[in-house]
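What follows is a short report on a single structure.
The values are calculated or read from the model by the stated rules, or taken from the named source; none is laboratory data. These numbers come from a predicted model, not from an experiment. Note that we place each Cβ from the backbone using ideal geometry, even for glycine, and neighbour counts take in every protein chain shown. Quick note on the areas: whole protein, heavy atoms, side chains included, nothing else; ligands and nucleic acids left out. Shrake-Rupley method; radii C 1.70, N 1.55, O 1.52, S 1.80 Å.
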Amino acid sequence: MKTAELFSDKTVFSLEVFPPKPDADESVIYNTLEQLSDIRADFISVTYGAGGGKNGSKTIGIASDIQNMYGVESVAHMPCIDLTKEQARLILESMREHGIENILALRGDRKDESPVQSDFRHASDLISFIKEKYDFNIIAACYPEVHPESTGAVDDLKWLRYKVECGADHLITQLFLDNRYFFDFREKARIAGINAPIEAGIMPVTNKRQIERMVKLCGVALPQKFVRVLEKYEHNETALRDAGIAYAIDQITDLIAEGVDGIHLYTMNNAYIAHRIYDAVQSLISAK
Ligand code: FAD
């Protein structure tokens with residue numbers, strides 16, 4: 001099923017997992033999927049390390065197993081920054097052979113400041129390439145706090161609209177910790193004529209190192225309320241985990257009350273946390 005068809009009559013609830021590192025035990029991700037299997041997720045997406053390689057190639061197998069072993073729709077992420085058109089064609093053929101219908105088409109992160117020198121300079125190039133030759137449902141990334149490399153909010157929205165014009169059917173946001181950024185972004189996107197469903201990406205923050213990394217990488221603002229929680233519980237692992245879960249539940253409750261199209265939970269492969277959040281918001285999702 002194409003994910004864009006899910007939004008008509010419900011608040012979509014989806015999960016994101018990542019494949020094991022090349023030298024790690026493969027069974028770990030399957031244990032996680034087993035533990036996640038009683039969450040009624042509308043789809044599960046599987047990340048793909050930019051640069052492809054062994055880690056990337058696991059994405060397709062895991063996405064395929066999610067559909068075949070658990071009967072849950074899957075989405076395979078596909079960053080294009082290091083791909084030639086021929087490599088992209090091989091990946092897309094493999095996805096098609098594995099019965100994958102949904103792709104999260106991404107540029108991927110740059111390794112340094114130098115301009116991207118590849119067959120695909122932006123996610124929009126990959127989206128156009130896919131739409132020209134294939135029948136995949138395409139999802140694209142968007143940034144309520146503006147992409148860190150962008151020349152500004154207006155330009156970022158212009159390029160987002162271009163991704164939709166090229167063929168993106170559904171959008172998922174970068175994580176954010178202050179819902180006001182999301183509401184503002186959604187309003188501006190609609191004014192700019194971007195009408196594709198926008199799922200809110202929620203990451204439960206459960207340790208201080210994780211959030212410091214995210215702030216550096218994604219430029220996410222830390223609300224005062226969040227900083228207070230972090231400072232109070234930074235030396236108490238269990239309390240910080242529970243506070244992070246409570247914070248995510250609070251964010252999701254507010255988003256659903258404001259009519260969000262969907263919630264995409266970055267699980268970080270932690271089934272316990274995903275369960276705690278799902279259990280708390282399950283009735284809100286089905287109440288639309
Ligand atoms: P783009 O859409 O190409 O945007 C990048 C920058 O270029 C932005 O500043 C934008 O404003 C600008 N821009 C866009 N199009 C054009 C254009 N046509 N001309 C000029 N400027 C343009 N990374 C991975 O490696 N693997 C993953 O699995 C992965 N999963 C992700 C999942 C989600 C939900 C999100 C939000 C991000 C994910 N990322 C992943 C990270 C992503 O690859 C980075 O954020 C990357 O820096 C940008 O990717 P993009 O597809 O948004 O790029």
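So, in the stretch 1-48, of the ones that are of a type in the set (Gly, Ala, Ser) and touching a Leu at 6+ places or on another chain (Cβ under 8 Å), which residue ends up surrounded by the most Cβ atoms within 10 Å (Cβ to Cβ)?
45
Could you tell me which residue of the stretch 179-203 is nearest to residue 137 (Cα to Cα), considering only residues that are among the aliphatic types (A, V, I, L, M) and within 14 Å of the chain's Cα centre (by Cα)?
198
Mind checking which residues of the stretch 101-123 are crowded, with 22+ Cβ neighbours inside 10 Å and within 15 Å of residue 133 (Cβ to Cβ)?
Answer for the stretch 101-123, where residues must be crowded, with 22+ Cβ neighbours inside 10 Å and within 15 Å of residue 133 (Cβ to Cβ): 103, 105, 120.
Can you give me the number of residues within the stretch 256-283 that are in a helix (DSSP H, G or I) and either open to solvent by less than 60 Å² (accessible area, probe 1.4 Å) or on the phi > 0 side of the Ramachandran plot (or both)?
Total satisfying the criteria: 9.
How many of the residues making up the stretch 70-99 are farther than 21 Å from residue 3 by Cβ, part of a helix (DSSP H, G or I) and aliphatic (A, V, I, L, M)?
The total comes to 1.
Which of the residues belonging to the stretch 81-100 are within 21 Å of the chain's Cα centre (by Cα) and loosely packed, with under 13 Cβ neighbours inside 10 Å?
Passing the criteria: only 99.
Identify, please: which residue in the stretch 146-178 is open to solvent by 40 Å² or more (accessible area, probe 1.4 Å), within 17 Å of the chain's Cα centre (by Cα) and modelled with pLDDT of 95 or more and is, among those, farthest from residue 244 (Cα to Cα)?
The qualifying residue farthest from residue 244 (Cα to Cα) is 169.
Which residues, taken from the stretch 124-142, are within 19 Å of residue 66 (Cβ to Cβ) and either open to solvent by 80 Å² or more (accessible area, probe 1.4 Å) or within 14 Å of the ligand (Cβ to nearest atom) (or both)?
Selection gives 138, 139.
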